[in-house]
Amino acid sequence: MSTTAAIASRHLDAALAEAAGAGLDKDALYRAVLGHVVSKYLEYRSVKDVQSELHFLADNCDPDTDFEFMRP
């Protein structure tokens, strides 16, 4: 069964392998992918909405900390 996370992971792993094979830096690849994601988001989401999404991810990127979700 495919999930969105599995599809994304598969493609990112392939891009990392291709970059490594070409002697390219993985941090540069991550920046490029992130830039493309932001660009695609901006095709149908507002700048403020994309910024909010990125802030949420940045604020919650520590794998040792649980997400704090608000409950109604």
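The values are calculated or read from the model by the stated rules, or taken from the named source; none is laboratory data. A quick note: this is a predicted structure, and the numbers were derived from the prediction, not measured. Cβ sites come from the backbone with ideal geometry, for glycine too, and all protein chains shown count toward neighbours. We work out accessible area using only protein heavy atoms, side chains counted, and drop any ligands, DNA or RNA first. Shrake-Rupley method; radii C 1.70, N 1.55, O 1.52, S 1.80 Å.
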*Could you work out the helix-only [θ] at 222 nm for the chain, with each DSSP H run of four or more residues adding -39,500 (n - 2.57) and the total divided by the number of residues, to the nearest 500 deg cm²/dmol?*
-21500 deg cm²/dmol
*asked:* Angle check, please: helix 47-59 long axis (alpha carbons) against the longest principal axis of the chain (alpha carbons), in degrees 0 to 90, nearest 10.
replied: 80 degrees
_For q = 0.15 Å⁻¹, Debye-computed log10 I/I(0) when each Cα of the chain counts as one equal scatterer_ = -0.73
*Within the chain, which chymotrypsin sites (Phe, Trp or Tyr not before Pro) sit in a loop by DSSP and count at most 10 neighbouring Cβ atoms inside 10 Å?*
Tyr44, Phe67, Phe69
*Take Leu57, Leu29 and sort them by solvent-accessible surface of the protein heavy atoms, 1.4 Å probe, largest at the top.*
Leu57, Leu29
